[in-house]
DNA sequence: TGTACCATGTAATTGGTTACATGATTAC
DNA sequence: GTAATCATGTAACCAATTACATGGTACA
């Protein structure tokens, strides 16, 4: 099974959704760690239905196009449950900015410092966005993760990874920019 | 141009290499942030040569197969130089373990904790490996990054990202595992 | 005798992005 | 009017992995 299939099943374990709804989840917030375009989602839903992991029924709407609402089957639920505690298939890391850092000696140091300052700003921005979500979760779901509902804890755990990632990434950008500045005077 | 092309040009800016040499660099250490298999590298070299960014000459070897050694051209050097300070093309984040974290409420908490403990171990291991390289660099290239040769600083900067990433990832795994344990008693 | 390494390629398949395609409603 | 959102699909293309293919040398 494709990881995208599990991403879809994971969302459908929480609630029934249309292809369009899934598309929006795959932009945000799920897209923060697993993204997909609608052109990938619609065929994936068809395949999952063929495999018996989801079913759909058409919901007719006034003043809006009709939609297909998908629900997970018992077999689908069993499939995600098995997948979720298995070790992830090791994925090759590909980070273009780190590749640029590795090649930065080819560049003009001022232009290089500017690049890392700008990237720092972008990661700080994303960090602040995640932190706002964290505050919202704490206000609405309670301060302590140990006592949150289990599905909410899961959402919070994923968010925590985003916070750590962006914080550390921004710090690295800041460090690279600072060292590039220092090198000019040494 | 493909990012893989720039990865190859970046390596060839440092020294002349054969396709096989490039393959090994793309396993480690470059593979820590940009990996490729030999089946991608050989066609890429052909394309880069067609585009005039690299040239090759055949080196005949006794007791070993002959090899094609590639060198970067002036036009290739100009191409990397331009690429290196441009902002990276935004890449969709895809982290299967975070997706599993988001879905962890579906699982048995003990099996879930075991998954995150094991992943913590793996990231700690990778961290220790990076830290050994860091010690080697400091011993051989000097303690202060500001005074390293510029190409060595670039290598060190990329390594620093690896260290930060693994340290933070391991910490997150530890946090998830701990919270899962705590939830059992609450 | 078998495994690992050197050395270079192609073919098939999968996963993902971009582009093509259509059409209604709502808000500015 | 026109842009945004709702709603669902297909086609073309690109990037990357896996598998297919060959053959010599070194070493245990």
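The values are calculated or read from the model by the stated rules, or taken from the named source; none is laboratory data. This is a predicted model, so every value here is computed, not measured. With ideal geometry, Cβ positions are generated from the backbone for all residues, glycine too; neighbour counts draw on all protein chains shown.
Annotations for the structure displayed:
- Criterion violated by residue B:184 - all others in (1) loosely packed, with under 15 Cβ neighbours inside 10 Å; (2) more than 7 Å from every other protein chain (Cβ to nearest Cβ); (3) free of Cβ contacts under 8 Å to residues at least 40 places away in the same chain satisfied: (3)
- Residue count for region B:143-172, restricted to those that are over 19 Å from residue B:131 (Cα atoms) and touching a residue at least 60 places away in the same chain (Cβ under 8 Å): 1
- When B:105, B:25, B:34 are checked against the criterion of being within 13 Å of DNA strand D (Cβ to nearest atom), under 30 Å from residue B:171 (Cβ atoms) and modelled with pLDDT of 95 or more, B:34 stands alone in meeting it.
- If you go through region A:170-179 and pick out every residue that is surrounded by 21 or more Cβ atoms within 10 Å (Cβ to Cβ) and more than 8 Å from every other protein chain (Cβ to nearest Cβ), you end up with 1.
- Being within 14 Å of another protein chain (Cβ to nearest Cβ), touching a strand residue (DSSP E or B) at 6+ places or on another chain (Cβ under 8 Å) and surrounded by 20 or more Cβ atoms within 10 Å (Cβ to Cβ) is a property that holds for residue A:98.
- Scanning region B:11-22 for residues being away from DNA strand D (no atom under 14 Å from the Cβ) and in a helix (DSSP H, G or I) gives a total of 5.
- Qualifying residues in region A:42-64 (those that are in contact with a helix residue (DSSP H, G or I) (Cβ under 7 Å, 6 or more places away or on another chain), more than 17 Å from residue A:26 (Cβ to Cβ) and not in a loop (DSSP other than H, G, I, E, B)) - the one farthest from DNA strand C (Cβ to nearest atom): A:55
- Meets criteria (at pLDDT 95 or above, within 16 Å of DNA strand C (Cβ to nearest atom) and part of a helix (DSSP H, G or I)) for residue A:39: yes
- Of everything listed in (1) in contact with a strand residue (DSSP E or B) (Cβ under 6 Å, 6 or more places away or on another chain); (2) over 24 Å from residue A:176 (Cβ atoms), the single unmet condition for residue B:40 is (1).
- Restricting region A:1-36 to residues that are at the interface with another protein chain (Cβ under 8 Å from one of its Cβ atoms) and closer than 10 Å to residue A:80 by Cβ, the residue that is farthest from DNA strand C (Cβ to nearest atom): A:13
- Unique residue being closer than 30 Å to residue A:166 by Cα, within 15 Å of DNA strand D (Cβ to nearest atom) and within 21 Å of the chain's Cα centre (by Cα) when the list is B:90, B:39: B:90
- Against the criterion of being in contact with a strand residue (DSSP E or B) (Cβ under 7 Å, 6 or more places away or on another chain) and within 12 Å of chain A (Cβ to nearest Cβ), residue B:122 does not qualify.
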